[in-house]
1. Rounded, prolate or oblate: which one fits segment 106-193, using the alpha carbon gyration tensor with axes a ≥ b ≥ c (rounded when a/c is under 1.5, else prolate when a/b beats b/c, else oblate)?
2. In nm, give the distance between the simple-model label positions of Phe23 and Ser112, each being 7 Å from the Cα along the Cα-to-Cβ direction.
3. Leaving ligands and nucleic acids out of the surface, order Phe25, Phe184 by accessible area at 1.4 Å, largest first.
4. Within straight cross-link reach of Lys199, meaning Cα distance under 22 Å, which lysines are found once same-chain residues fewer than 8 apart are removed?
Amino acid sequence: MAETEKQAGASPEDDGPLLPASFTFTVPRKEISMVSDMGKWKRSQAYADYIGFILTLNEGVKGKKLTCDYPVSETVEKLMSLLGTLDRWIDETPPVDQPSRFGNKAYRTWYSKLEQEAETLVSAVLPEELGAAAPEVALYLKEAVGNSTRIDYGTGHEAAFAAFLCCLCKVGALRVEDQLAIIFKVFDRYLRVMRKLQKTYRMEPAGSQGVWGLDDFQFLPFIWGSSQLIDENGTVCRALKPALEHQRRSLLVQSQPRPYTNVQG
């Protein structure tokens, strides 16, 4: 999280964002074009930071329910407002009549709004002194909501949203104490907005693995949700016993009631 990179003399009690003087920002570019590029990615510091971010959150939610108490910072509230804006744009951009059943072209109109406003939305989340990070961080937000050419959405887009949150932690906008709110408020709200996008514009699943995949659209809820189902003794909680519970759409894939991180079934 953000606490791993501090300015000289900074302490965990400091309230302001921690931005090393050596930080420079640049708009990301695609570096993985073929299978052989994956090795370079897996050996990179960015990969270590990204996986560490996911695992840190995974540890943080272990054995905890959505209904537990946790602090909600100003940055988290701003992220909720950002997601609320994306939600409102869906209402303002209804599907159009078209011959094709799937991939409603109104999605491209919705996406064009995000493309135009992404940096402004991200700047509103970042503290003023971190404004230079907006162009770099905004790209991950734009990549997190689907592909406007194919009108599809998949786990790669979800991964981009996790990278977006990871970036906010790296620059210090999100802090260690935001861990639970990141999943239980921000990520939960993100899932709801993405489902609304998928249903409203009949988006195709991107890169679906069919029966070999856990879900056509999401993956992270299965990681973090499984951690929630581990109790303080390190064993799987009674919610998944007997084993037949798996066949009756367990808590991980239910929307209502939803005491645990949910995912589209």
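The values are calculated or read from the model by the stated rules, or taken from the named source; none is laboratory data. Predicted, not measured: the structure shown is a model, and the values here were computed from it. Positions of Cβ are backbone-derived with ideal geometry, glycine not excepted, and every protein chain shown enters the neighbour counts. Note: areas computed on protein heavy atoms with side chains; ligands, DNA, RNA excluded. Shrake-Rupley method; radii C 1.70, N 1.55, O 1.52, S 1.80 Å.
1. Working: a/c = 2.18, a/b = 1.35, b/c = 1.62.
Oblate, because a/c is 1.5 or more while a/b does not exceed b/c.
2. Label at Phe23, label at Ser112, 3.4 nm between them.
3. Numbers: Phe25 70, Phe184 10 Å².
The most accessible residue leads, giving Phe25, Phe184.
4. Lys105, Lys113, Lys142, Lys185
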